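The values are calculated or read from the model by the stated rules, or taken from the named source; none is laboratory data. Please read these numbers as outputs of a predicted model, since none were measured by experiment. Heads up, the Cβs are rebuilt from the backbone with ideal geometry, glycines too, and the neighbour counts pull from every protein chain shown.
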Amino acid sequence: MTRALKTLRRGRLQIWLAALVFLAAPGAQTAKADSISVDQITDLSAKGARTMFRFAPELVRIDAGGTIEIRNSVRGHTVHSIPELWPADAPPVAISYRPSAVVRFTESGLYGLTCKRHGVYGMVMLVLVGDAESPDDLNDRIEAAKLSDDARQKLKSIAAGGGLLD
């Protein structure tokens, strides 16, 4: 097979994959649920660390009192709350190296989660609980978070894709 034909086929595959990712994009998940599963992904076929490590989905809308089961694809992931993106009265989350964990979100609000090991590469997610709306200062709170530039950029992208940022 010629190099040009291989490149054309690879290009078509990338277009199909991009379409699938778009359809499964975090902003596409708008229905609220009582319980949902989130996977911590390590995609060894990714072209770099920024796309290798991620939560799926990256934005979840859930009812107050609902739970999220976070499933760890490998034992090397953690789940920690991002203080700047966490309601003041809600207990923080700190889960390390477990195959799965269930987190209950009892208070309405916006919650941010990161993997402490891979957050530097943008492994972050947002959870919108109850009837809460996006805080007016969301962009400022993301900027104030003690995270890498990649993680802050990813949070902004997730928030914008979910209609939480203008």
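Entry remark, the stretch 145-166: residues being of a type in the set (A, V, I, L, M) and under 19 Å from Ala49 (Cβ atoms) number 4 in total. In the stretch 18-26, the condition of being at pLDDT below 75 and closer than 25 Å to Ala145 by Cα is met by at least one residue. Annotation: of all residues in the stretch 61-113 being under 20 Å from Met123 (Cα atoms) and among the basic types (Lys, Arg), the one that is modelled with the lowest pLDDT is Arg75.
Filter the stretch 53-78 down to the residues that are in contact with a helix residue (DSSP H, G or I) (Cβ under 7 Å, 6 or more places away or on another chain) and not in a strand (DSSP E or B), then identify the one that is surrounded by the most Cβ atoms within 10 Å (Cβ to Cβ). Write out each step before concluding.
Initial filter on the stretch 53-78 (in contact with a helix residue (DSSP H, G or I) (Cβ under 7 Å, 6 or more places away or on another chain)): 53, 57-59.
Filter once more, keeping what is not in a strand (DSSP E or B): 57-58.
Details: Pro57: 21, Glu58: 24.
Only one residue tops the list, namely Glu58.
Anything in the stretch 95-111 that is touching a strand residue (DSSP E or B) at 6+ places or on another chain (Cβ under 6 Å) and either in contact (Cβ under 8 Å) with a residue 40 or more places away in the chain or farther than 13 Å from Ile70 by Cα (or both)? List them, or say none.
Answer for the stretch 95-111, where residues must be touching a strand residue (DSSP E or B) at 6+ places or on another chain (Cβ under 6 Å) and either in contact (Cβ under 8 Å) with a residue 40 or more places away in the chain or farther than 13 Å from Ile70 by Cα (or both): Phe105, Thr106, Ser108, Gly109, Leu110, Tyr111.
Every residue in the stretch 69-100 that is under 24 Å from Lys146 (Cα atoms) and aliphatic (A, V, I, L, M), please. Selection gives Ile70, Val79, Ile82, Leu85, Ala88, Ala90, Val93, Ala94, Ile95.
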